[in-house]
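These notes are about the structure you will find just below.
The values are calculated or read from the model by the stated rules, or taken from the named source; none is laboratory data. Predicted model, so just to flag it, every value in this text is computed and none were measured. Cβ placement follows ideal geometry from the backbone for every residue including glycine, while neighbour counts extend to all protein chains displayed. These area figures cover heavy atoms from the full protein model, side chains too; ligands, DNA and RNA do not enter into them. Shrake-Rupley method; radii C 1.70, N 1.55, O 1.52, S 1.80 Å.
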Amino acid sequence: MELSVLKIDGSESGKKVVLDENVFGVTPNDHAIYLDVIQYLANNRQGTAKTKDRSEVAYSTKKQGRQKGGGGARHGSLKANIYVGGGRVFGPVPRSYRHKLNKKVKSLARCSALSYKAQENAITIVEPFAMEAPKTKEFMSILAALKAGTRKVLVILPENSNNIYLSSRNLDWAKVITVDEINTYAIMNANSIVLVDGVQDILASRARR
């Protein structure tokens, strides 16, 4: 697949690039995408939910009434779960939701996601650019010139640029990441992807390893 490299004003730079078929032209594997997205979301969970059981609540352990003859059930403590403020039965405890995924499956998932976007013509390549200062309005004008849309735009940089990142931080519909931070969830969640020229070569070289 051949794409023209655009300038930040939306005009063509005259350069064309051919997207590697091993990254942007594979047969998408939906199950691999599913597994990688599930792992990404699970690994982002904190797993710190916690409730107190009856051994942890601050209540008296004094027996509440005599053993027999009270006309009701026997109760030995206010910590029982049937009392207001009592301990919770089988409540959540801190745990890790992390799980591993084979590297080849992750690679297949990302290539599948990128191939879907290539099939949808949702990939734009722009020549490398820099911003002298964080300016959200300027960043928005660049995306508008590139016709990237205003809904879920993913911009992928070859390396970190603090000014570009800060310029996008106030936009809930735009996300800026580096090629090292690329993941299947971010790709699939985006409606359009803007690649800074050079990112496609980095992805292609990593796919050959």
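Quick check on the stretch 64-99: of everything there that is within 26 Å of residue 48 (Cβ to Cβ) and hydroxyl-bearing (Ser, Thr, Tyr), which residue is farthest from the chain's Cα centre (by Cα)? Filtering the stretch 64-99 for residues that are within 26 Å of residue 48 (Cβ to Cβ) and hydroxyl-bearing (Ser, Thr, Tyr), the one farthest from the chain's Cα centre (by Cα) comes out as 96. Assess whether residue 148 counts as being touching a residue at least 24 places away in the same chain (Cβ under 8 Å), open to solvent by 80 Å² or more (accessible area, probe 1.4 Å), at negative phi and not polar (S, T, N, Q). When the stated conditions are applied, residue 148 does not pass them.
For residue 134, state whether it is more than 18 Å from residue 192 (Cβ to Cβ), surrounded by 16 or more Cβ atoms within 10 Å (Cβ to Cβ) and either of a type in the set (Asp, Glu) or touching a Gly at 6+ places or on another chain (Cβ under 7 Å) (or both). Spelling it out, it is not the case that residue 134 is more than 18 Å from residue 192 (Cβ to Cβ), surrounded by 16 or more Cβ atoms within 10 Å (Cβ to Cβ) and either of a type in the set (Asp, Glu) or touching a Gly at 6+ places or on another chain (Cβ under 7 Å) (or both). Among the residues of the stretch 111-155, those identified as assigned to a helix (DSSP H, G or I) and either acidic (Asp, Glu) or farther than 22 Å from residue 169 by Cα (or both) are 111, 112, 113, 114, 115, 116, 117, 118, 119, 138.
Of all residues in the stretch 1-38, those satisfying the criterion of being assigned to a loop (DSSP other than H, G, I, E, B) and closer than 20 Å to residue 208 by Cα are 1, 19, 20, 25, 26, 27, 28, 29. Out of 185, 165, which single residue is in contact with a strand residue (DSSP E or B) (Cβ under 8 Å, 6 or more places away or on another chain) and aromatic (Phe, Trp, Tyr)? Within the list 185, 165, the selection yields 165. A count restricted to the stretch 65-112 and to residues that are without any contact (Cβ under 8 Å) to a residue 40 or more places away in the chain and hydroxyl-bearing (Ser, Thr, Tyr) stands at 2.
Would you mind finding the one in 110, 54, 98, 88 that is in contact with a helix residue (DSSP H, G or I) (Cβ under 8 Å, 6 or more places away or on another chain), open to solvent by 70 Å² or more (accessible area, probe 1.4 Å) and over 30 Å from residue 144 (Cβ atoms)? I'd like the intermediate steps shown before the answer.
On the way: 110 fails: over 30 Å from residue 144 (Cβ atoms); 54 fails: in contact with a helix residue (DSSP H, G or I) (Cβ under 8 Å, 6 or more places away or on another chain); 88 fails: in contact with a helix residue (DSSP H, G or I) (Cβ under 8 Å, 6 or more places away or on another chain).
Residue meeting the stated conditions: 98.
Note on the stretch 1-40: residues that are of a type outside the set (Asp, Glu), open to solvent by 60 Å² or more (accessible area, probe 1.4 Å) and out of contact with any helix residue (DSSP H, G or I) (no Cβ under 7 Å at 6 or more places or on another chain) total 9. Considering only residues in the stretch 156-177 that are in a helix (DSSP H, G or I) and among the aliphatic types (A, V, I, L, M), the one that is surrounded by the most Cβ atoms within 10 Å (Cβ to Cβ) turns out to be 164. Within the stretch 1-44, the set of residues being charged (D, E, K, R) and at pLDDT 95 or above comprises 30, 36.
Can you pull out the residues in the stretch 191-209 that are over 21 Å from residue 22 (Cβ atoms) and touching a strand residue (DSSP E or B) at 6+ places or on another chain (Cβ under 6 Å)? I'd like the intermediate steps shown before the answer.
Taking the stretch 191-209 as the starting set, the residues that turn out to be over 21 Å from residue 22 (Cβ atoms) are 191-192, 194.
Within the stretch 191-209, 192, 194 qualify.
So which of 104, 117 is more than 17 Å from residue 196 (Cα to Cα) and not polar (S, T, N, Q)? Let's see the steps before the verdict.
Values: 117 fails: more than 17 Å from residue 196 (Cα to Cα).
So the residue among 104, 117 that is more than 17 Å from residue 196 (Cα to Cα) and not polar (S, T, N, Q) is 104.
For the stretch 193-209, which positions are open to solvent by 10 Å² or more (accessible area, probe 1.4 Å) and not in a helix (DSSP H, G or I)? Once the filter is applied, which keeps residues that are open to solvent by 10 Å² or more (accessible area, probe 1.4 Å) and not in a helix (DSSP H, G or I), the stretch 193-209 yields 197, 198, 208, 209.
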